[in-house]
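Okay, structure first, notes after.
The values are calculated or read from the model by the stated rules, or taken from the named source; none is laboratory data. Predicted model, so just to flag it, every value in this text is computed and none were measured. We place every Cβ from the backbone using ideal geometry, glycine too, and count neighbours over all the protein chains shown.
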Amino acid sequence: MTPAELHNGDFAWWQRGVIYQIYPRSFQDSNGDGIGDLAGITQRLDYLRWLGVDAIWLSPVNPSPMADFGYDVSDYVGIDPIFGTLDDFDHLLAETHRRGMKLIMDFVPNHTSDQHPWFLESRASADNPKRDWYVWRDARPSGAAPNNWLLEFGGPAWTRDEITGQYYYHAYLPQQPDLNWRNPAVREAMHQALHFWLARGVDGFRLDTVHHLFEDPDLTDNPPNPDFRPGMSPTLTFARKHQVDLPEVQEVLAGFRRVTDAYDARLLVGEAYLPLEKVMAYYGTPHAPGVQLPFNFHLIGATWKASAIGDLITQYDGLLPPGCWPNWVLGNHDRTRIASRVGADSAALATMLLLTLRGTPTLYYADELGLADVPISPEQVRDPWELRVPGFGSGRDPVRTPMPWDGSPHAGFTTATPWLPLNGDFAVRNVESQRADAASLLRLTRDLIALCQRTPALCVGGYGIIESRGDVLTYERLWGEQRLAIALNFSGTTVYTPLPHSRVVLSTVGPRTAELPGSLLCLRPFEGAIIEPTQQLHGGFSA
């Protein structure tokens, strides 16, 4: 299959492309208030087209009191004034499409803001028509909360409401009350919100924390967490057995899928931090399909060793239900950045890994620059998680800092003081300087994306041999007669690995002699290389 045939064949756009996550507050400020906005993203679309990504995913831009920076929605069919207007959104969407890219919105179905009109009505009285839109329960006879459930951000998952004396449930902040998904009226209202954006031309949704949609209706206490140890965050004291991943979730996802399938080529991505075998259920079934891409976060927490990564690849690919498509994530707005997690020397290796595994990769903004976590002083903390549970490394501010565009004051992100501090090395680690440097991580990322998009084996091909030898992970990507190998050296020393009769197509450490006349490939410290055979091989590169 030629690249042209690949892009007009049986593979959907989300199977062929790279998704790029944008945290809107931190991408580009257009009005000088220190906070990124929609018009700013529009200004930077040409950069994203140059980089070669196929779709952008926006973290929430709906109206919100910003108790959790947009994940507390007060209106599902509007735009928060911080980010602009609905006209600004429509312009961004049109300009994204004009450049041949797609736009995915964040959608938060588990909870609303406590300022959402639905919740204001719900808490007005015990007999309000919207009372059952949320999860309300009486106190225990002692007056205590209904059970021992804890919220994700520290503290009880129940808040007593003074108006009626009942408690309402919230898996996250008290300002984020959980919706009652057992109520058909809630489902219909949320479906209508999806229709609103789909009709405007949005290409899909990333569904936030979908594994939290249902709770045990009997409010059974959670058991103690057998893995809890002193020094761990108190939010982990109990196992969330009765709060997450209930079977009813799949019915809701199937309903979402019916909504989006009424439109052409739309995508659903689901966020569910669960063991791999449980993630697979979120694909749904042939008769009741779920999301096309249940996020696979397991690279983020994997041990950074060749053997561990190889085992993960094999396990994940083996668990995929027939006909389902894989995906990989190495960074996002909640987790430590790649460069901080694996080390600056391994950032390029990690990028090659992410972009050459089978499936759809999601790239987090500024990871293409090797941006590390930015230190945040106590007086600069904005994240409610860190403010509620300080000292346990829960703070997400270090991974949400502004995009460094150039070496000018405030890195070209804003003309004002940015809402979070910039990376201290922005004068040299920025888009402008790396774009001009052929040896930079940014240029490598662009070259990798371009190579994958024009090479069917890398874009949609299957696996051949997957193996680790010491510190080297090697895996093959196959499409018809096309065969490529990816060899990744996870160590800080030079290693040699069997790869006879082949040539280097692309290396993470710059140009090298293309032809490999001997029987061994020399990999420099933390080098990754894409190799193709120069002779017909039987049984794989390592045979």
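Residue count for region 114-154 satisfying the condition of being touching a helix residue (DSSP H, G or I) at 6+ places or on another chain (Cβ under 7 Å) and either over 17 Å from Val244 (Cα atoms) or not in a loop (DSSP other than H, G, I, E, B) (or both): 8. Can you tell me which residue is modelled with the lowest pLDDT among those in region 358-396 that are among the polar types (S, T, N, Q) and closer than 30 Å to Gln175 by Cα? Out of the qualifying residues, it is Ser394.
Scanning region 233-259 for residues that are within 22 Å of the chain's Cα centre (by Cα) and in a helix (DSSP H, G or I), we see that the one that is nearest to Tyr172 (Cα to Cα) is Val249. May I ask you to verify whether Val108 is among the β-branched types (Val, Ile, Thr), touching a helix residue (DSSP H, G or I) at 6+ places or on another chain (Cβ under 9 Å) and closer than 21 Å to Val269 by Cα? The answer is no for Val108. The condition of being out of contact with any Lys or Arg (no Cβ under 8 Å at 6 or more places or on another chain) and either within 21 Å of Ile35 (Cα to Cα) or outside the structural domain of Ile22 (by TED's automatic domain parsing) (or both) holds for only one of Thr362, Thr401, that being Thr401.
Residue by residue, here is whether (1) in the same structural domain as Gly290 (by TED's automatic domain parsing); (2) modelled with pLDDT under 95; (3) part of a loop (DSSP other than H, G, I, E, B) holds:
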| residue | (1), (2), (3) |
| --- | --- |
| Met190 | yes, no, no |
| Ala193 | yes, no, no |
| Phe214 | yes, no, yes |
| Pro230 | no, yes, yes |
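Within region 309-319, can one find any residue that is assigned by TED's automatic domain parsing to the domain that holds Pro24, farther than 23 Å from Leu458 by Cα, aliphatic (A, V, I, L, M) and surrounded by fewer than 21 Cβ atoms within 10 Å (Cβ to Cβ)? Checking region 309-319: not a single residue is assigned by TED's automatic domain parsing to the domain that holds Pro24, farther than 23 Å from Leu458 by Cα, aliphatic (A, V, I, L, M) and surrounded by fewer than 21 Cβ atoms within 10 Å (Cβ to Cβ). For region 164-207, the tally of residues that are surrounded by fewer than 23 Cβ atoms within 10 Å (Cβ to Cβ), in contact with a Phe, Trp or Tyr (Cβ under 7 Å, 6 or more places away or on another chain) and charged (D, E, K, R) stands at 2. Number of residues in region 368-377 that are among the charged types (D, E, K, R) and either buried (at least 24 other Cβ atoms within 10 Å of the Cβ) or not assigned by TED's automatic domain parsing to the domain that holds Arg16 (or both): the value is 1. Within region 339-360, is even one residue in a loop (DSSP other than H, G, I, E, B) and of a type in the set (A, V, I, L, M, F, W, C)? Checked against the condition, which is being in a loop (DSSP other than H, G, I, E, B) and of a type in the set (A, V, I, L, M, F, W, C), region 339-360 yields at least one hit. Taking the condition out of contact with any Phe, Trp or Tyr (no Cβ under 9 Å at 6 or more places or on another chain) and at pLDDT 95 or above, does Trp57 pass? So Trp57 does not fit the description; no. Screening Gly78 against (1) part of a helix (DSSP H, G or I); (2) among the small types (Gly, Ala, Ser); (3) touching a Pro at 6+ places or on another chain (Cβ under 7 Å) leaves a single unmet condition, (1).
The set of residues in region 95-111 being part of a helix (DSSP H, G or I) and loosely packed, with under 14 Cβ neighbours inside 10 Å consists of His97, Arg98. In region 268-308, the qualifying residues are those that are touching a strand residue (DSSP E or B) at 6+ places or on another chain (Cβ under 7 Å) and in a helix (DSSP H, G or I), and the one that is surrounded by the most Cβ atoms within 10 Å (Cβ to Cβ) is Tyr282. Regarding Asp114, is this residue charged (D, E, K, R), modelled with pLDDT of 95 or more and surrounded by 20 or more Cβ atoms within 10 Å (Cβ to Cβ)? Spelling it out, Asp114 is indeed charged (D, E, K, R), modelled with pLDDT of 95 or more and surrounded by 20 or more Cβ atoms within 10 Å (Cβ to Cβ).
For region 132-161, the set of residues classified as within 33 Å of the chain's Cα centre (by Cα), more than 22 Å from Asp68 (Cβ to Cβ) and surrounded by fewer than 21 Cβ atoms within 10 Å (Cβ to Cβ) consists of Asp132, Asn148, listed by residue number.
When Tyr134, Tyr71 are checked against the criterion of being among the aromatic types (Phe, Trp, Tyr) and touching a Ser or Thr at 6+ places or on another chain (Cβ under 6 Å), a single residue qualifies: Tyr134. Cβ-Cβ distances below 6 Å connect the following pairs, each with a first residue in region 126-146 that is under 26 Å from Pro184 (Cα atoms), a second residue that is aliphatic (A, V, I, L, M), and a separation of six or more residues or different chains: Trp133/Val186; Pro146/Leu219.
Within region 259-285, residues that are under 22 Å from Phe11 (Cα atoms) sit with their Cβ atoms under 6 Å from residues that are of a type in the set (S, T, N, Q) and surrounded by 18 or more Cβ atoms within 10 Å (Cβ to Cβ), at 6+ positions apart or across chains, in these pairs: Arg266/Thr260; Leu267/Gln292; Leu268/Thr260; Leu268/Gln292.
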